[in-house]
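J.: I'd like to ask you about the structure that follows.
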Ligand code: HEM
Ligand code: FES
């Protein structure tokens, strides 16, 4: 290394070019990355009690599918998202409401009367009537919804985002 | 260490030779007007990069084109910047390419042995104008719609084949989704690939022939 305390012209130019290059790189890089990831940062959160109709519509002891849709603004478009919830009525006010979205990779499960299981068509995940995993790849039970009954009408508590 | 590795690499890749030919070639003493070709090249690269970014959100359909651009402007972080650069870069590129042509004309740089450089340049100018014409329709707003109505009507005045040319440009007798889709395709595929190829030839010629001197009083 050079003994002299003075910075050589070559070193000076190298450092300046490097620094200016880094600044320009950031000025270009930050907007570019922000532009690409921006929609991912705008996840819409929301929660709401959703009506599933009169409780008496649901038979006792048999999981019954209730479907509804919600709309969301994604980019420049309104997107309709469908939800499915299996309602299982027990004795009295006992209600179990299960999200029909498989806990493995989000396919929709359906109740199979003959197998007495919820079956997922994608990778053959099986869940029992109370949502527990019976077999297959799903890592956890089906997700239950919080429920309430008001004047004979059933509601589930939906959390989005 | 670095230099040893670089030497090792270059023994295999031989990039030093390419570097010397491209960047260490001899040039006459010239002036700022000679930078306009490089400026055009830089603008072209900018248009390609920002254009690729715009295509992430833009949708070339009458139902979505306008709204997707509104989203880029107001919904996407730095969307206004990317679109702004592409918008103004387009205008700048036409201006720069045109003045570059004027400079090669006034300096008589098109003469032997550079005739082909000139001819490929003409193709580049026309393709650049074509980029402007096809890009102008894409926002699908009133200005875009009527500009393209008029622009595609103009060749219609050519005797006999004119109306046929108009309907080829429009992909039918009226402006429609078909027009928008084909303008988009020409704007992002056909013309950029033509420009890329012809810039390659243009640059090969410049490197092979060297750039011309500023003509003196006796020339
Ligand atoms: C996309 C458009 C274009 C690009 C990227 C481009 C690029 C370049 C570059 C980098 C040079 C080196 C010398 C200089 O910059 O002046 C050059 C030279 C030249 N260009 Fe272009 N050019 C374009 C369009 C045109 C047009 C429209 C013409 C004429 C019709 C043209 C004719 C020439 C000629 C004749 C030379 C040789 C100049 C000399 O040797 O002194 N170019 N071009
Ligand atoms: S998604 Fe249901 S088993 Fe894989």
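J.: What shape does region A:1-41 take by its C-alpha gyration tensor, where a ≥ b ≥ c are the square roots of the eigenvalues and a/c under 1.5 counts as rounded, a/b above b/c as prolate, and the rest as oblate?
T.: It is prolate, given that a/c is not under 1.5 and a/b is the larger ratio.
J.: While we're on this one: Please compute the Cα-Cα pair-distance distribution of chain A with 5 Å bins starting at 0, giving whole percents from short to long.
T.: 2, 7, 13, 13, 12, 10, 8, 5, 4, 4, 4, 4, 4, 4, 3, 2, 2, 1, 0
J.: Just the C-alpha atoms of the protein assembly as shown: what Rg/Rh do they give, with Rh taken as the Kirkwood radius?
T.: My calculation of the ratio gives 1.17.
J.: Here is a follow-up. Nearest 10 degrees, 0 to 90: what angle lies between the long axis of helix B:142-153 and the longest principal axis of chain B (Cα atoms)?
T.: 80 degrees
J.: Compute the acute angle (0 to 90°) between the alpha-carbon long axis of helix B:65-74 and the principal axis of greatest extent of the alpha-carbon atoms of chain B; round to the nearest 10°.
T.: That helix lies at roughly 60 degrees to the long axis.
J.: Turning to a different aspect of this structure: Could you tell me how many degrees, from 0 to 90 and to the nearest 10, lie between the Cα long axis of helix A:9-37 and the main elongation axis, the longest principal axis, of the Cα atoms of chain A?
T.: Here the helix axis deviates by roughly 20 degrees.
J.: Starting from the 7 Å offset along Cα-to-Cβ, what nm value, one decimal, do you get for the label separation of residue B:80 and residue B:154?
T.: Modelled inter-label distance: 3.2 nm.
J.: Next question. Please work out the Cα center distance from region B:157-174 to region B:1-48, rounded to the nearest Å.
T.: Rounded to whole Å, the Cα centres lie 45 Å apart.
J.: Right, next: Just tell me how shielded A:30-43 is by partners: mean number of partner chain Cβ atoms within 10 Å of each residue's Cβ, no decimals. All intermediate terms of the calculation are to be shown ahead of the outcome.
T.: Numbers: counts 2, 7, 6, 2, 5, 12, 6, 1, 7, 6, 0, 1, 3, 0.
Neighbouring Cβ atoms belonging to other protein chains average 4 per residue here.
J.: Here's something else I'd like to know. How large are Rg and Dmax for chain B when calculated on the C-alpha trace, in angstrom?
T.: Final numbers for Rg and Dmax: 21.4, 71 Å.
J.: Moving to a separate point now. Which stretch or stretches of region B:38-78 have amide N atoms under 19 Å from the point lying 7 Å from residue A:20's Cα along the Cα→Cβ direction?
T.: Counting only backbone N, you get B:38-39, B:42-43.
J.: Return B:12, B:208, B:83, B:103 ranked ascending by Cβ neighbour count within 10 Å, so the fewest neighbours appear first. Before the final figure, lay out the partial values.
T.: Details: B:12 7, B:208 11, B:83 20, B:103 17.
If I rank by nearby Cβ atoms, fewest first, I get B:12, B:208, B:103, B:83.
J.: How many angstrom lie between the Cα centre of region A:27-103 and the Cα centre of region B:81-148?
T.: Using only Cα atoms, the two centres lie 50 Å from each other.
Bear in mind that the values in this text are calculations on the coordinates, not laboratory data. Note that the coordinates shown come from a computational prediction; the quantities given were computed from them, not determined experimentally. For neighbour counting, all protein chains shown are included, and Cβ atoms are generated from backbone atoms with ideal geometry for every residue, glycine included.
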